[in-house]
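Novice: Got a structure for you, questions after.
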Amino acid sequence: MAVCVAVIAKENYPLYIRSVPMENELKFHYMVHTSLDVVDEKVSAMGKALVDQRELYLGLLYPTEDYKVYGYVTNSKVKFVMVVDSSNTALRDNEIRSMFRKLHNSYTDVMCNPFYNPGDRIQSRAFDSMVTSMMIQVC
Amino acid sequence: MSPTQWDFPVELCCRPMAFVTLTGLDVVYNAVHRAVWDAFCANRRADRVPISFKVLPGDHEYPKCRPKRTSYEWYIPKGILKTGWMNKHLNLVPALVVVFYELDWDEPQWKEKQSECATRVEIVRQSLQGRNTKVAVVLIQKKTPLPPGEDVIASERAAALCNACELSGKSLFVLPHTDHLVGYIIRLENAFYEHAQTYYYTEIRRVKSHKEFLNKTTHQLLFVRHQFKIAFFSELKQDTQNALKNYRTAYNLVHELRAHETNILEIKTMAGFINYKICRLCFQHNTPLDAIAQFRKHIDLCKKKIGSAELSFEHAAWMSKQFQAFGDLFDEAIKLGLTAIQTQNPGFYYQQAAYYAQERKQLAKALCNHEASVTYPNPDPLETQTGVLDFYGQRPWRQGILSFDLSDPEKEKVGILAIQLKERNVVHSEIIITLLSNAVAQFKKYKCPRMKSHLMVQMGEEYYYAKDYTKALKLLDYVMCDYRSEGWWTLLTSVLTTALKCSYLMAQLKDYITYSLELLGRASTLKDDQKSRIEKNLINVLMNESPDPEPDCDPLAVKTAQKLWADRISLAGSNVFTIGVQDFVPFVQCKAKFHAPSFHVDVPVQFDIYLKADCPHPIRFSKLCVSFNNQEYNQFCVIQEASKASEVLENLTQGKMCLVPGKTRKFLFKFIAKTEDVGKKIEITSVDLVLGHETGRCVVLNWQGGGGDAASSQEALQASRSFKRRPKLPDHEVHWDSVLIQANTMIISRVPNISVHLRHDPPALTNEMYCLLVTIQSHEKTQIRDLKLTAGLKPGQDANLTQKTQVTLHGTELCDESCPALLTDIPVGDLNPGEQLEKMLYIRCGTVGSRMFLVYVSYLINTTTEEKEIVCKCHKDETVTIETVFPFDVAVKFVSTKFEHLERVYADIPFLLMTDLLSASPWALTIVSSELQLAPSMSPVDQLESQVDQVVLQTGESASECFCLRCPSVGNVEGGVATGHYIISWKRTSAMENVPVISTVITLPHVIVENIPLHVNADLPSFGRVRESLPVKYHLQNKTNLVQDVEISVEPSDAFMFSGLKQIRLRILPGTEQEMLYNFYPLMAGYQQLPSLNINLLRFPNFTNQLLRRFIPTTIFVKPQGRLMDDTSIAAA
């Protein structure tokens, strides 16, 4: 399961970012922020590709010693970044992919909320609980 | 930096090359020998064989060879690899010893020389006893050798020498000292290289041969050692494929060793060495992915092998070194042409190395915090007898002990203490910063700006720990804007917090204030209690007091800082800090808004400054001032409170100079614009908010333009997108988001209170003096002065119009080109309230089309605004579009005397010019007169007086004239002959007497004149009468210079009887005329076809009857016999 989930706006500022454990929050913020380098590069590389044929899932952005960072970018250039513990080998690419899809669906629900102003920080409870379900349960 | 314990030995990192020693060369005193040596060692580029040469004396003692072991049964190895082994084979034990000897084939004392050479070889052999090192002899000769086989003495003596030295023929070389020295040397060294390879081959065989004696229980270490040796010899042999294979085997063997706390360091050290070699060779073989895979495997295997917990920092140091070394290898490979990518570049390895270095620092901090009283043990347990270790990776106090049980726990304790105390002296920050800066350089190359920023933050923090605050601030300040511009507030806050500590510890006032301002602002994610603390500190600083220390600072550093702050307080000097806020997010926001996008000059300009504070407690400022592009207004827009600095904290909630957190404060400013600024833009260039007092210490927050900082544009965008309902606020309060910045306004002139009317009769006619009546009426309450009129063509239209339009005030005479298209500033005088005046303007438009005319009336008036008398300049303008049309259309056509249309006229034959003047004007026109001015080539046949004088034409009516002209024969003129001009003088019927008459000149079209050979004209009455004789005379004129043969025939007609020559052939002399007389006798009434005259010119077949019919009538009206006449005749009868 994920240790950090982040939603990044088109302009690259964070819309939502949550991580477990809480005490090392800053480290994950930096990790998500630096992963945007790779996202930017990947997005600009496939910029020419047809929009409807484009794969939203960007795959593994970069591995660190302890974590793996995965990326996903929507057609409106909103980025999802997920940090997974490296030791968690049970997670396959397909599972990551489906987690991202779930995240995307939930994000779409947030966007459909008429009271949500696109570009504001996400404060939806439904989204929050969905993210919680994807995170490691700290016991 | 001197090599540390963790750096790899040089002999491991270098590229192994075959070692060859040269003896018998005196490179100091012998020039020839020197040249030979130079040729060996100079210019060793990649295309030369990889050999390292060394010059040694002939009697050099080589390392002694240990006696051959016949059995390994009782042998127990003491370690994996001896520290001296690699160096021994790189630099001490040669693969080949070359004996140089000066000897020519024709040497007279051959025997003596030969035996001396043999002795030298023998000495070398002696010192190499037991080794497989090859020996070769090179004879340095003065003479160029003859081709092989020709020199009989040479081959004989060579054989003899080989025999004497016990050399094979392959080991004897000749080096003629001639011009081609380098060429000979290269051939020589290639031969040496072959010998060296044979030597290393036998060495490999020798090591391999030991294998069968080993057993797995006692000789595990030897398996690794031998495998490593084989691989190393293969490298010396330049057989990198086999070297790699053997290193890989060695690597696997290392991990098969039984690991225990006592030998884990040795295992890791050797694993690190072998891994280094494997990765190096993989990069060399251009298989970087293999290198990366090996390294990953290596790290995964060794990550958990921490060893002794008390020395866990050693593991971190070792890990750090592994990553650093791999990063170096990777980087080196890139320099040699490998391409790296964003996600796989050396930067990641340096970064990880730095991470382990940081871990090492943490561990060292935790494990090496011995009391100051703990002294370094004596005798030093880390000292060895030789000063170096025997085996790589062993502990100095128990070298060669393989037992896993600690024989002497006390000794062990002392050793660990020694290591810990040594570790305490290591400058970790320096190591970390070096690694981080390596990583930064890499990430910069591979387009990872954010990674670079992150590493720079870490570097800054490391400098902070290292107490180099200046460098820390420099780095942190550099990256701050990246996080700010991308809106990562948590990261920005963390960077700012560190920066604030640095500036506190250095007592850097301006930085301290700047960072405080931002940490208090809305971009900061600090908790309120932190913000309160910072705000309190900020106010303290502004009151010239020392702030409280930042939390988590080194107590020693705090003490220094407090002293620095105390110095700052006592020091006078610059205490006003101006901080431009547009590049960061301060805790006060500002918006300036003019009430309107434009103001009339006679009303005061008003604008609001909105301020909002985001800090936790109310804050009081001392001054608010606004600067404009016209600085004269600055003085009117200042709010200042004469409060003492100490009052900043008191009376917080009241007073207009106080900002309550979260509440928007509005400050209204007004001033009267200067009349000179009419038509100009007034712009707020900056807003300054002063915190603290100018007499004490104060900060000027400076907003460029009408406010806004680094975050406000994004916020404004979000606010504009939002359609959330804002809660209702009391009347005088506003929502911050709903305030839009309006930083400039236009000053426009006072609204005029006069009316301007234009009277005219459009459309204008080309070239006429078009009359435009301007009526100005004043509705002002007071007298208006200096009334001026500007009228004419509105500027900015087609440039051609300007030349074709003239405006004048005098309508009685035609204006010419000198008149301007726009009359400016015609003084009209003053006007009392209610009065009106009229002004007549005449416009002459030379071309058709529509034109915009401008009538601009300006005047001065005195008015009072806010008890201030000002002179306003007002103006009113009217524009009118006037269409200009042709007054009439003139059509001109040429017809024959029979009124038939002519495409061309015939020389000397009269024709008619018809003009048709069709009025196109909507107004009645009076044609005053018309005139035909003929070109010299034309001559009139009769008078040319005008037939349309004083004719009045209504719209659509036309007036025609007809002139009979003749054109004398001219040659063939291209484009025809000019006819002349037709001049029409006209004016509007409605125009006044004094309005001048306009002459319109029409250029008549050119006409093509053609010569004809024969002209025929007929004299005949205008009509005939039935049964009355009708005499017809045809005149045939020869227009040529030739005698013409003419055939004439007259065809009979039913309507006529006729007499005369019916068919004739005659000649007409040049220029003469022949008359033919016929008498027709009409038989029928009505239009009748005359008997047609056919003329056939023998010389001019083109001359047809068709042409003829143009000149002579073909029909005639025949009247019936007059009844009247009949009556009379009857009567007469």
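Novice: Taking A:Asn24, is it away from every other protein chain (no Cβ under 12 Å), of a type in the set (S, T, N, Q) and under 26 Å from B:Gln351 (Cα atoms)?
Specialist: yes
Novice: Next up: Could you count how many residues in the stretch B:442-456 are in contact (Cβ under 8 Å) with a residue 40 or more places away in the chain and part of a helix (DSSP H, G or I)?
Specialist: Qualifying residue count for the region: 5.
Novice: Would you tally the residues in the stretch A:1-21 being open to solvent by 20 Å² or more (accessible area, probe 1.4 Å) and within 13 Å of chain B (Cβ to nearest Cβ)?
Specialist: Residues in the stretch A:1-21 being open to solvent by 20 Å² or more (accessible area, probe 1.4 Å) and within 13 Å of chain B (Cβ to nearest Cβ): 5 in total.
Novice: Kindly check whether there is at least one residue in the stretch A:76-84 that is outside any loop (DSSP other than H, G, I, E, B), within 11 Å of chain B (Cβ to nearest Cβ), under 22 Å from B:Tyr349 (Cα atoms) and open to solvent by less than 10 Å² (accessible area, probe 1.4 Å).
Specialist: No, every residue in the stretch A:76-84 fails to be outside any loop (DSSP other than H, G, I, E, B), within 11 Å of chain B (Cβ to nearest Cβ), under 22 Å from B:Tyr349 (Cα atoms) and open to solvent by less than 10 Å² (accessible area, probe 1.4 Å).
Novice: In the stretch B:439-453, what count of residues is obtained for those that are more than 12 Å from chain A (Cβ to nearest Cβ), crowded, with 23+ Cβ neighbours inside 10 Å and farther than 15 Å from A:Tyr62 by Cβ?
Specialist: Here the count works out to 1.
Novice: Looking at (1) within 11 Å of another protein chain (Cβ to nearest Cβ); (2) open to solvent by 20 Å² or more (accessible area, probe 1.4 Å); (3) among the small types (Gly, Ala, Ser), find the lone condition where A:Gly59 falls short.
Specialist: Here A:Gly59 clears every test but (2).
Novice: If you don't mind, another one. Taking into account only those residues within the stretch B:253-305 that are assigned to a loop (DSSP other than H, G, I, E, B) and of a type in the set (A, V, I, L, M), which is farthest from B:Ala317 (Cα to Cα)?
Specialist: For the stretch B:253-305, the residue satisfying everything is B:Leu257.
Novice: Look through B:Ile826, B:Ile843 and report the one residue that is within 30 Å of B:Lys674 (Cα to Cα) and among the aliphatic types (A, V, I, L, M).
Specialist: That would be B:Ile826, the only listed residue that is within 30 Å of B:Lys674 (Cα to Cα) and among the aliphatic types (A, V, I, L, M).
Novice: Among the numbered criteria (1) assigned to a loop (DSSP other than H, G, I, E, B); (2) within 14 Å of chain A (Cβ to nearest Cβ); (3) not hydroxyl-bearing (Ser, Thr, Tyr), which single criterion is violated by B:Val426?
Specialist: (2)
Novice: Across the stretch B:868-921, what is the number of residues that are of a type in the set (Phe, Trp, Tyr), more than 30 Å from B:Pro1113 (Cα to Cα) and modelled with pLDDT under 85?
Specialist: Residues meeting the conditions: 0.
This table checks each residue for (1) more than 30 Å from B:Lys78 (Cβ to Cβ); (2) away from chain A (no Cβ under 14 Å).
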{"position": "B:Thr269", "(1), (2)": "no, yes"}
{"position": "B:Phe273", "(1), (2)": "no, yes"}
{"position": "B:Arg280", "(1), (2)": "no, yes"}
{"position": "B:Gln284", "(1), (2)": "yes, yes"}
{"position": "B:Pro288", "(1), (2)": "yes, yes"}
{"position": "B:Ala293", "(1), (2)": "yes, no"}
{"position": "B:Arg296", "(1), (2)": "yes, no"}
{"position": "B:Ile299", "(1), (2)": "no, no"}
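Novice: Can you find, within the stretch B:93-131, the residue that is surrounded by the fewest Cβ atoms within 10 Å (Cβ to Cβ) among those that are of a type in the set (Asp, Glu) and farther than 21 Å from B:His60 by Cα?
Specialist: Across the stretch B:93-131, the extreme among qualifying residues is B:Glu112.
Novice: Same structure again: Could you say whether any residue in the stretch B:856-867 is in a loop (DSSP other than H, G, I, E, B) and in contact (Cβ under 8 Å) with a residue 24 or more places away in the chain?
Specialist: Within the stretch B:856-867, one or more residues are in a loop (DSSP other than H, G, I, E, B) and in contact (Cβ under 8 Å) with a residue 24 or more places away in the chain.
Novice: For B:Tyr504, state whether it is open to solvent by 10 Å² or more (accessible area, probe 1.4 Å), more than 10 Å from every other protein chain (Cβ to nearest Cβ) and in a helix (DSSP H, G or I).
Specialist: When the stated conditions are applied, B:Tyr504 does not pass them.
Novice: Give me the residue from the stretch A:85-102 that is at pLDDT below 80 and open to solvent by less than 50 Å² (accessible area, probe 1.4 Å) and, out of that set, farthest from the other protein chains (Cβ to nearest Cβ).
Specialist: A:Leu91
Novice: Would you list the strands (runs of 3 or more DSSP E) that sit entirely within the stretch B:583-676 and hold 2 or more residues that are at pLDDT 85 or above and touching a Lys or Arg at 6+ places or on another chain (Cβ under 8 Å)?
Specialist: Result: B:588-594, B:605-613, B:664-671.
Novice: Those residues that are surrounded by fewer than 16 Cβ atoms within 10 Å (Cβ to Cβ) and of a type outside the set (A, V, I, L, M, F, W, C), I need them from the stretch B:285-304; list them, please.
Specialist: B:His285, B:Asn286, B:Thr287, B:Arg296, B:Lys297, B:Asp300, B:Lys303, B:Lys304
Novice: Further question: Can you give me the number of residues within the stretch A:19-46 that are of a type in the set (Val, Ile, Thr) and in contact with a helix residue (DSSP H, G or I) (Cβ under 7 Å, 6 or more places away or on another chain)?
Specialist: Residues meeting the conditions: 1.
Novice: Within the stretch B:460-475, work out how many residues are open to solvent by less than 20 Å² (accessible area, probe 1.4 Å) and within 14 Å of another protein chain (Cβ to nearest Cβ).
Specialist: Number satisfying all stated conditions: 1.
Novice: Here is a follow-up. If B:Thr497 satisfies all but one of (1) closer than 30 Å to B:Leu338 by Cβ; (2) more than 31 Å from the chain's Cα centre (by Cα); (3) within 11 Å of chain A (Cβ to nearest Cβ), what's the number of the condition it fails?
Specialist: (1)
Novice: For the stretch B:16-42: of the residues being under 60 Å from the mean Cα position of the chain (by Cα) and free of Cβ contacts under 8 Å to residues at least 40 places away in the same chain, which is most open to solvent (accessible area, probe 1.4 Å)?
Specialist: Here the residue is B:Arg34.
Novice: Please specify each residue of the stretch B:829-855 satisfying the condition of being of a type in the set (A, V, I, L, M, F, W, C), farther than 24 Å from B:His600 by Cβ and in a strand (DSSP E or B).
Specialist: B:Leu837, B:Met840, B:Leu841, B:Ile843, B:Cys845, B:Met852, B:Phe853, listed by residue number.
Novice: Can you confirm whether the stretch B:114-135 contains a residue that is under 13 Å from B:Gly24 (Cβ atoms), touching a Ser or Thr at 6+ places or on another chain (Cβ under 9 Å) and outside any helix (DSSP H, G or I)?
Specialist: yes
Novice: Tally time: how many residues in the stretch B:711-729 are at pLDDT below 80 and more than 12 Å from chain A (Cβ to nearest Cβ)?
Specialist: Qualifying residue count, the stretch B:711-729: 4.
Novice: Among the residues of the stretch B:321-356 satisfying the criterion of being surrounded by fewer than 24 Cβ atoms within 10 Å (Cβ to Cβ), under 32 Å from the mean Cα position of the chain (by Cα) and in a helix (DSSP H, G or I), which is farthest from the other protein chains (Cβ to nearest Cβ)?
Specialist: Of everything passing the filter in the stretch B:321-356, B:Lys335 is farthest from the other protein chains (Cβ to nearest Cβ).
Novice: Could I ask something else about it? Filter the stretch B:575-601 down to the residues that are under 19 Å from B:Asn744 (Cα atoms), small (Gly, Ala, Ser) and surrounded by fewer than 21 Cβ atoms within 10 Å (Cβ to Cβ) and list them by number.
Specialist: Scanning the stretch B:575-601 gives B:Ala596, B:Ser598.
Novice: In the stretch A:103-139, which residue that is closer than 12 Å to A:Tyr16 by Cβ and of a type in the set (Asp, Glu) is modelled with the highest pLDDT?
Specialist: Here the residue is A:Asp128.
Novice: Regarding A:Val32, is this residue outside any strand (DSSP E or B), within 14 Å of chain B (Cβ to nearest Cβ) and at pLDDT 90 or above?
Specialist: Judged against the criteria, A:Val32 is a match.
The values are calculated or read from the model by the stated rules, or taken from the named source; none is laboratory data. Every value quoted in this text rests on a predicted model; they were computed, and no experiment measured them. Note that each Cβ is placed from the backbone with ideal geometry, even for glycine, and that neighbours are counted across all protein chains shown. In case anyone asks, the SASA skips ligands and DNA or RNA and just uses the protein heavy atoms, side chains included. Shrake-Rupley method; radii C 1.70, N 1.55, O 1.52, S 1.80 Å.
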